[in-house]
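Q: I'd like to ask some things about the structure below.
The values are calculated or read from the model by the stated rules, or taken from the named source; none is laboratory data. Predicted model only: the values in this text are computed from it and were never measured. Every residue, glycine among them, receives a Cβ derived from its backbone with ideal geometry; neighbour counts consider all protein chains shown. In case anyone asks, the SASA skips ligands and DNA or RNA and just uses the protein heavy atoms, side chains included. Shrake-Rupley method; radii C 1.70, N 1.55, O 1.52, S 1.80 Å.
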Amino acid sequence: MMKLLRAVATVVFLFGGLAGSRSVTASALSARAALPYFQEADTISRADDGRLWGITLGGPLLLVDPETRIVLANQPDTQGRLMRDGPLLRGKLPTDILLANSAVEWSQTKWAMIMLPLPEDRYSRATLMVHELWHRVQDELGLPSSDAQNNHLDTRDGRYWIQLEWRALAAALATEGPKRAAAITDAATFREQRRLLFPGAAAQENAMEMHEGLAEYTGVKLSGAPDLARFVIEGDLRAAPAKETFVRSFAYANGPAYGILLDTIGKEWRKGLKPTTDFAALLLDRAGLALPSDVSAAAKKRAPAYNAAALATEEDAREKKQRAKTQAYRARLVDGPVLKLPLRNMKMEFDPGNLVPLDSLGAVYPQIRIVDDWGVLTVSSQGALLSAGFSEATVAQPTETKAPALTGDGWTLELKPGWSVAPGSRKGDSQLRQTSTP
């Protein structure tokens, strides 16, 4: 999962809906029960032996009980915070470490961190573990983490054209020969039409695909699933449209779909990838295909083959509901009295599947936990607005301002010494102000 504008923020993504494991649960973490999962990850890494990316994926791994923050690890940490527990090591994460499936720096060690319980399905479980192992080494591959904004994918047209792209990718994975070539061209055409409608979208989408997309592709590729094309169709591509928003989650579908299609061509494609690499352009090149001369005309002509009329009706209806939701958030977090919090060294955990973009203002995170210089903000409901440049967070005006425990409708703030609440620049607003340095 989630995770990350290093210079500004460390971002971790929380994904719900994973099937529970009967042998390892969040309430009973034992080395004996957890050992098979470490062994699975090790077996996958050894079998790959660096062949996929030219670097081994094996390394420091934490399995975490989110209820107790207890962790089991496969190797010692450099500061001796983990204690031996049979074949593994055990410890407890401090509260300033955000809990999520991610790569994390802790105790002077870079770990792949995975929340319990794990999926029961062996292939889904392997995908998740390898996904996070890839995040741990992605910097070494010259593919740094990204927090690229893709708010256009929450608009009616952005959603419409990316879902047609997914449908064409599924068709390409399910067919061969000329039918596959036609479906690949359709997917690239729908993708290009979307980008014509939203200038600047290409760079943002590409960056997220080279971050989360490649991580998910790697997980799928090394999952051991017997039919990878079918695994992608019935897994990531089927799950993608059900997400409440595609702003951050879209790459989980695009990465495996384009990656497996590139693999079927049999030509090398993984060397020299950059954050600017375009999956579709790469696939067209390797397949010897090209976009139509008139993309817009071709996209509109080919759309009916993918049940576009019904999709348009669905998206029109969603747009009306979404408009009401954004208006409510604007009234609460833009027009109403608010508390503004500066973001300096932010770490945050959230669900990327339910964000609500507010145009150029940024995006509302319905639930989020933020750790920064001023303390810990926990938003359980009603949302927080994070500015487009991640310089500021906004919540509704507090109802209790006596430090160190501030509260508001749907949120709490554990304030560190040296910080206080002061009047904001607008009448009725408040802001956090640093009154002393540590």
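Q: Under a plain spin-label model, where a point goes 7 Å from the Cα along Cα-to-Cβ, how far apart in nm are Arg156 and Ser30?
A: 5.7 nm
Q: Starting from the 7 Å offset along Cα-to-Cβ, what nm value, one decimal, do you get for the label separation of Asp85 and Ser380?
A: In this crude label model, Asp85 to Ser380 measures out at 2.7 nm.
Q: How about Lys110: which lysines have a C-alpha closer than 22 Å to its C-alpha, ignoring those fewer than 8 places off in the same chain?
A: Lys3, Lys92, Lys347
Q: Roughly how big is the chain's charge dipole about its Cα centre, with Cβ charges of +1 (Lys, Arg) and -1 (Asp, Glu), in debye to the nearest 20? Mind showing how you got there, number by number?
A: Values: 52 positive and 50 negative charges, 66 e Å.
Magnitude of the dipole: close to 320 debye.
Q: For region 124-275, divide the Cα radius of gyration by the Kirkwood radius and give the resulting Rg/Rh value with two decimals.
A: On the way: Rg = 14.5 Å, Rh = 15.5 Å.
Value, to two decimals: 0.94.
Q: From the cross-link list Lys274/Lys321; Lys243/Lys300; Lys243/Lys340; Lys221/Lys300; Lys301/Lys321, which pairs have alpha carbons spaced over 31 Å apart? Intermediate values should be presented prior to the final figure.
A: Values: Lys274/Lys321 38 Å; Lys243/Lys300 25 Å; Lys243/Lys340 29 Å; Lys221/Lys300 33 Å; Lys301/Lys321 29 Å.
Among Lys274/Lys321; Lys243/Lys300; Lys243/Lys340; Lys221/Lys300; Lys301/Lys321, the Cα-Cα distance tops 31 Å for Lys274/Lys321; Lys221/Lys300.
Q: Another question, then. Multiply the residue gap between Asp373 and Ala309 by 0.36 nm, knock off their C-alpha separation, and tell me the result in nm, one decimal place.
A: Working: separation 64, 0.36 × 64 = 23.04 nm, distance 4.99 nm.
The span from Asp373 to Ala309 would gain 18.1 nm if fully extended.
Q: If you don't mind, another one. Modelled label-to-label distance, Ala403 and Leu196, 7 Å Cα→beta-carbon offset: nm?
A: About 5.6 nm, to one decimal.
Q: 222 nm [θ] for the chain, helices only, -39500 (n - 2.57) per DSSP H run of 4+, per residue, to 500? Don't skip to the end; give the middle numbers.
A: Details: 11 runs with 150 residues, N = 438.
Mean residue ellipticity at 222 nm (helix-derived): -11000 deg cm²/dmol.
Q: While we're on this one: Quick check for you: which residues of region 137-163 have the amide N under 20 Å from the point 7 Å beyond the Cα of Asp49 toward its beta carbon?
A: Inside the label zone: nothing.
Q: Please state the charge dipole magnitude for region 314-438, taken about the Cα centre, from unit charges on C-beta atoms (+1 on K and R, -1 on D and E), reported in debye and rounded to the nearest 20. Spell out each step's value before the answer.
A: On the way: 16 positive and 15 negative charges, 69 e Å.
Roughly 320 debye for region 314-438.
Q: I've got another one for you. In whole angstrom, note down how far apart the Cα centers of region 45-63 and region 134-207 are.
A: 27 Å
Q: So, one more: Largest first, what is the accessible-area ranking of Tyr37, Tyr123 with a 1.4 Å probe? Before the final figure, lay out each step's value.
A: Numbers: Tyr37 15, Tyr123 55 Å².
From most exposed to least exposed: Tyr123, Tyr37.
Q: Rounded to whole Hz and in sequence order, give me ³J(HN,Hα) for region 129-138 from the Karplus expression 6.51 cos²θ - 1.76 cosθ + 1.60, θ = phi - 60°, writing x for Gly and Pro.
A: Working through the residues one at a time gives 5, 5, 3, 6, 4, 5, 4, 5, 10, 4 Hz.
Q: To the nearest 10 square angstrom, what accessible area does Met83 show with a 1.4 Å probe?
A: Accessible area, nearest 10 Å²: 120 Å².
Q: In 5 Å bins starting at 0, how do the alpha-carbon pair distances of region 64-138 split up by percent?
A: Taking every Cα pair in region 64-138, the percentages come to 3, 16, 25, 27, 20, 8, 2, 0.
Q: Work out the length of the dipole vector of region 133-248 about its Cα centre, built from +1 on the beta-carbon of each Lys and Arg and -1 on the beta-carbon of each Asp and Glu, and round it to the nearest 20 debye. Mind showing how you got there, number by number?
A: On the way: 14 positive and 17 negative charges, 70 e Å.
Charge dipole, region 133-248, about its Cα centre: 340 debye, nearest 20.
Q: If you take the charge dipole of the chain about its Cα centre, with +1 on Lys and Arg Cβ and -1 on Asp and Glu Cβ, which of Leu291, Gln382, Val421 is farthest toward its positive end?
A: Among Leu291, Gln382, Val421, the one farthest towards the positive end of the dipole of the chain is Val421.
Q: Would you tell me the accessible area of Glu234, worked out with a 1.4 angstrom probe on the heavy atoms of the protein chains, in Å² to the nearest 10?
A: About 100 Å², ignoring ligands and nucleic acids.
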